[in-house]
1. Consider PHE246 against the criteria (1) under 19 Å from the mean Cα position of the chain (by Cα); (2) open to solvent by less than 10 Å² (accessible area, probe 1.4 Å); (3) closer than 23 Å to LYS344 by Cβ: it satisfies all of them except one. Which criterion is unmet?
2. May I ask you to list the residues in the range 207-225 that are of a type in the set (Asp, Glu) and buried (at least 17 other Cβ atoms within 10 Å of the Cβ)?
3. Considering only the range 334-361, how many residues are part of a strand (DSSP E or B) and within 22 Å of the chain's Cα centre (by Cα)?
4. Exactly one condition in (1) within 28 Å of LEU272 (Cα to Cα); (2) charged (D, E, K, R); (3) touching a residue at least 24 places away in the same chain (Cβ under 8 Å) is not met by GLU322; state its number.
5. For the range 263-274, indicate whether the set of residues that are under 22 Å from LEU123 (Cβ atoms) and either touching a Phe, Trp or Tyr at 6+ places or on another chain (Cβ under 6 Å) or open to solvent by 40 Å² or more (accessible area, probe 1.4 Å) (or both) is non-empty.
6. Taking PHE241 as meeting all but one of (1) crowded, with 21+ Cβ neighbours inside 10 Å; (2) over 26 Å from LEU350 (Cα atoms); (3) at pLDDT 95 or above; (4) not small (Gly, Ala, Ser), write down the number of the exception.
7. So if I check each of ARG192, ARG217, which one is at pLDDT 85 or above and not acidic (Asp, Glu)?
Amino acid sequence: MLAPGINPVRSPQRISMTTVWTELSRVHLWGLQLGTFVLGVSLTSPRHLKRAQQFSVCRQCQRQVPNLSKISRFAVSARLYSEQRSTHFGFETVPEDEKTEKVYKVFQNVAQKYDVMNDAMSLGIHRLWKDTLLQLASPTPGSLLLDVAGGTGDISFRFLDYIRYRQDREARRDTLSRQSASWQEITEAYQRGQPGMQGGVQAVVCDINKEMLKVGRQRAADRGYGTGLSWVVGNAEELPFDNDKFDFYTIAFGIRNVTHINQALQEARRVLKPGGRFLCLEFSRVSNPLLSRVYDAYSFQLIPVLGEVIAGDWKSYQYLVESIRRFPDQEEFKAMIEDAGFFKVQFHNLTGGVVAIHSGFKL
């Protein structure tokens, strides 16, 4: 007899191999089902689905090999996604590929009243700023100008006038040097110096906006600029001209509207001849605190109102004011020009820094 609470030891039972094999088979089957479930969940995740799309099974070796067509499509999609970067449109943030269209619409809307609004907004001072730009350029007869974003022709007209002034002055000097010549010789010498006798293109106006170019052509006809001008539709970021073609590249109040300023600067350098000069007239940063406050109040409170009254377009002129504030200051823009490969870069502030003229040379 055993003490109470103590169970008798049972003799071990004999387990057949069939039973062991059956149990192992059940465990294996259960493991396969669990593994299939886990693998199925994993493979349905976005990461593995993308990977599965990038590979296919070779029919001969039954191994996974890259699916080049799908990888290419995935790479293109990734690149397109990365290119959907944003930029500023005034104070608004927009995709880069939308800014060009938005800017185009702005200038399409204001083209007919553009010059009137320039006079109203700047109280006519913009004329003096543009005259100063040409005085700094100091072009000589025979120079070829590319005026980018110059649709209404203001800079090109001044360029032609300056060239004609230089030609007339040289012709008068030549006439004075021929005091002993006959009147016929003097007349022929003077006529050879006239711009109308040359007949070649001296200035090319390039603008992305057809409406602005249309206004410019009409102004040229009204002012008698029949020769020496060419009008081209083109984007500052991808100019439709050969390398090393122009002596001067000017852009007045236009570069701040470009989506990729660095690219526009590189294009400017590309089309200039060695020794050619880049000149940019653009709104900049006022350094005097008092003048800055007055300028801000005038810009944001009065200019959009003038735009509504004169041109019937508040939003376009609101954008123009905002775009000025988003443009780099004098030193930062100077560094950008130098990074594009220009030399001897400098700037001149006008009207206390309301605008600045930046210039540089292609060497």
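The values are calculated or read from the model by the stated rules, or taken from the named source; none is laboratory data. Nothing here was measured: the structure is a model prediction, and the numbers come from that model. Cβ atoms come from the backbone with ideal geometry, glycine included; neighbour counts cover every protein chain shown. Areas reflect the complete protein model, heavy atoms only, side chains present, ligands, DNA and RNA absent. Shrake-Rupley method; radii C 1.70, N 1.55, O 1.52, S 1.80 Å.
1. It is condition (1) that PHE246 fails.
2. Answer for the range 207-225, where residues must be of a type in the set (Asp, Glu) and buried (at least 17 other Cβ atoms within 10 Å of the Cβ): ASP207, GLU211.
3. Residues that pass the stated criteria total 11.
4. Condition not satisfied by GLU322: (1).
5. No, the range 263-274 has no match at all.
6. The one condition PHE241 does not meet is (1).
7. After ruling out the rest, the residue left standing is ARG217.
Residues checked against (1) farther than 24 Å from HIS358 by Cα; (2) aromatic (Phe, Trp, Tyr); (3) touching a helix residue (DSSP H, G or I) at 6+ places or on another chain (Cβ under 6 Å); (4) in a helix (DSSP H, G or I):
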{"residue": "THR250", "(1), (2), (3), (4)": "no, no, yes, no"}
{"residue": "GLU267", "(1), (2), (3), (4)": "no, no, no, yes"}
{"residue": "GLY275", "(1), (2), (3), (4)": "no, no, no, no"}
{"residue": "PHE278", "(1), (2), (3), (4)": "no, yes, yes, no"}
{"residue": "SER292", "(1), (2), (3), (4)": "no, no, no, yes"}
{"residue": "TYR298", "(1), (2), (3), (4)": "yes, yes, no, yes"}
{"residue": "GLU308", "(1), (2), (3), (4)": "yes, no, yes, yes"}
